[in-house]
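Bear in mind that the values in this text are calculations on the coordinates, not laboratory data. Computed from a predicted model, the values in this text were never measured in an experiment. Note that we place each Cβ from the backbone using ideal geometry, even for glycine, and neighbour counts take in every protein chain shown.
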Amino acid sequence: MSLEISLPFGKKDNVKDIVFSILTSEYPLKIIELTNYIRKRYGKSITFQGVRKAVLELVEDGVLIREDNSFMINKDWAKEARDKLSSIYEKLNQKQSSDVKSIEGDVTVFTFDSLNDLMKYWEDIIEGWYKKFRHGDYAFNCFQGSHGWEALLHPDREKQIMSQLKNKRIKSYAIYTGNTPLDRYIVKFYKSIVGPNCALMPSSKHFDRGFYIATYGDLIVQIQYPDRLILELENFFKKNTSLDNMDMKSLSDIVNKKLKVKLTVIKNLDMAKHINQSIISQIE
């Protein structure tokens, strides 16, 4: 089996990049499922045939394998890529970074032991973006997700982070698909910080309730909540109807529950622009 380290990263045909990034955390998937994910998550106009072409090319190169009518990343390819990179790394005699959660390359996938641990690192990513942000950089931040529970659990931290958007004149847009009194409070909370481009657009679809995505300049951060967390958060938001009687311990128990959760970070300006266009078009 041949190996090209540059594949699928760095190719001009970013459909392969998107397909690969989806399959790093969700698999196996059929081509029609991948097509629907790309259209909805990334706001990218793509045909079934276009996705099929990209998938089959990745299969031909050994990056993906077929399982019945579905596809997933080839473990043998991943192992060979790891071994070859390890060999290169050793030859270059580079020092190993002490920061195991540094963002490297075009696509980086992190695994955390709880949703709250993941969210803390997500906030660190935003802070890191602020520090590197310079006048003239692509100044957009967009978000789409179901429940902004972090605004309930640590509002001071969220206020401190989000208030920097205005200070740096970054345009911010957000869509929340939840539909409870607490969701309406969360939207009001963020509007008071970042401005009016924060909307509540309820959805009953399981897909919308579990998928969270945000952009920070050319960075894309995305997560697919495990089904267990989706159900527990849905029950919490339906049961707690106001801040006055909200069971904060219950929320803390949910987000700190020991459960493997993956966070995918993608560095791709064109992809970020597609996502932003999709989110902004729903608000304006």
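Miscellaneous remarks
- Debye, to nearest 20: dipole size of the chain, +1 on Lys, Arg Cβ, -1 on Asp, Glu Cβ: 620 debye
- Taking other C-beta atoms within 10 Å as the exposure proxy, Cys198, Cys142 rank Cys198, Cys142 from fewest upward.
- Value of D in µm² per second that Stokes-Einstein yields for the range 14-92, Kirkwood Rh from Cα pairs, at 20 °C (1.002 mPa s): 162 µm²/s
- Label-reachable residues, the range 174-205, where backbone N falls under 12 Å from a point 7 Å from Lys159's Cα toward its Cβ: 189-190, 192-193
- For Ile186, the shell of other residues with beta-carbons less than 12 Å away shows a net charge of 0, using +1 for Lys and Arg and -1 for Asp and Glu.
- For Lys260, the lysines whose Cα falls under 16 Å of its own Cα, not counting residues fewer than eight places away in the same chain, are Lys101, Lys120.
- Additional length obtainable on full extension of the chain from Gln49 to Glu33, 0.36 nm per residue less Cα span: 4.5 nm
- Were the residues from Tyr121 through Lys168 laid out at 0.36 nm apart, the gain over their Cα-Cα distance would be 14.8 nm.
- Listed by chain and number, the aspartates and glutamates whose C-alpha is less than 19 Å from the C-alpha of Lys205, apart from same-chain residues fewer than 8 away, are Glu26, Glu33, Asp183, Asp227, Glu232, Glu234.
- Simple spin-label estimate for Lys262 and Lys249 in nanometres, 7 Å along Cα-Cβ: 3.5 nm
- With the simple model of a label 7 Å out from the Cα in the direction of the Cβ, Lys238 to Ser192 spans 2.9 nm.
- Answer label, with Rg/Rh (Cα atoms, Kirkwood Rh) calculated from the coordinates and candidates [x] 0.94; [y] 1.09; [z] 0.97: [z]
- Across the chain, C-alpha contacts under 8 Å between residues 6 or more apart give a mean separation that, scaled by the residue count, equals a relative contact order of 22 percent.
- Cβ-based net charge around Arg228, under 15 Å, with every Lys or Arg adding one and every Asp or Glu removing one: 0
- Cut-off of 10 Å, at most 16 other beta carbons, DSSP loop: longest stretch of the chain lacking such trypsin sites (Lys or Arg not before Pro): 13-94
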